[in-house]
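The numbers here are math on the coordinates, done by the rules we state, and not lab data. Keep in mind that what you see is a predicted model, and the values were worked out from it rather than measured. Every residue, glycine among them, receives a Cβ derived from its backbone with ideal geometry; neighbour counts consider all protein chains shown.
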Ligand code: FPP
């Protein structure tokens, strides 16, 4: 059971025995957070990386099964080279630290996205982190890196088409489960709760297939200001909803 700071006790009650299995977060608002403080955007990403550490640790502590975060989209390469390199540098720093304390944390890590354009060093770090943590049973943290939801679906469609062309399956037999099995998220449960901070009300190509029945939680809080208390609010809001999956 997590230990709460005084302020966190004021938040709506979360029933930790019925948490969503899978929470996905769009870590948005780093740039605006920095701008409001007269800092470079890269300082916002550094603060965002700290928030990610805090939230990932909290998710592990409360016993959440899966946390997925959007760290870098297929569209983020359009940002200035300095900003892209700062984000990659923060990832590298985080992974080096994570590897150092993995044995203790037992967090399982996975990367979702096309890692091929990353530097050899970062690619190697991602693979090493995944390999070391393969058998860990703590919270599974998925980092979406060079990830785009439409790109992911196109890749799955191509793979299925290739299997049809090779005579391994028939087009008319393809099911939703077959498509799911060809996504980066193959084998993971769909997200139950998708959180987007920073006041933006869109999905921005984040897990569009997987989020078909997810609950959404939006808040004006910018990602670097997102605390454990904010996550508790999102969890409590989720628990107050009734999920019907298209039924009654
Ligand atoms: C969106 O905010 C944020 C990103 C594109 C990068 C997120 C990266 C990190 C939090 C750091 C590295 C991650 C890990 C997992 C260690 P924005 O820049 O679009 O903000 P804005 O909308 O206010 O401009």
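Mean residue ellipticity at 222 nm, helices only, the chain: -13500 deg cm²/dmol; runs of at least 4 DSSP H residues each add -39,500 (n - 2.57), and the sum is divided by the number of residues. Here r is the Cβ-Cβ distance between residue 242 and residue 172 and R0 is 25 Å; the resulting FRET efficiency, rounded to 0.05, is 0.10.
Expressed as a whole percent, the proportion of Cα-Cα pairs in the range 107-198 lying more than 22 Å apart is 42%. Note on residue 216 and residue 127: their simple-model spin labels are 3.8 nm apart, each label 7 Å out from Cα toward Cβ. Ranking of 190, 220 by neighbouring Cβ atoms within 10 Å, starting from the fewest: 220, 190. Taking the three principal axes of the alpha carbon atoms in the chain, the coordinate ranges are 62, 50, 37 Å, sorted in descending order. Using the alpha carbons alone, the radius of gyration of the range 6-82 stands to its Kirkwood radius in an Rg to Rh ratio of 1.05. The range 84-118 and the range 144-183 have Cα centres spaced 27 Å apart. The orientation-averaged projection of the convex hull spanning the C-alpha atoms of the range 139-187 amounts to 4.0 square nanometres. With 10 Å bins beginning at zero, the pair-distance distribution over Cα atoms of the range 173-217 amounts to 24, 49, 22, 5, 0 %. Rounded to whole Å, the principal axis extents of the Cα atoms in the range 143-248 read 53, 37, 21, largest first. Across the chain, C-alpha contacts under 8 Å between residues 6 or more apart give a mean separation that, scaled by the residue count, equals a relative contact order of 30 percent. Here the average projected area of the convex hull drawn through the C-alpha atoms of the range 114-154 stands at 3.5 nm². Calculated on the alpha-carbon coordinates, the convex hull of the range 22-155 measures out at 113 cubic angstrom per residue.
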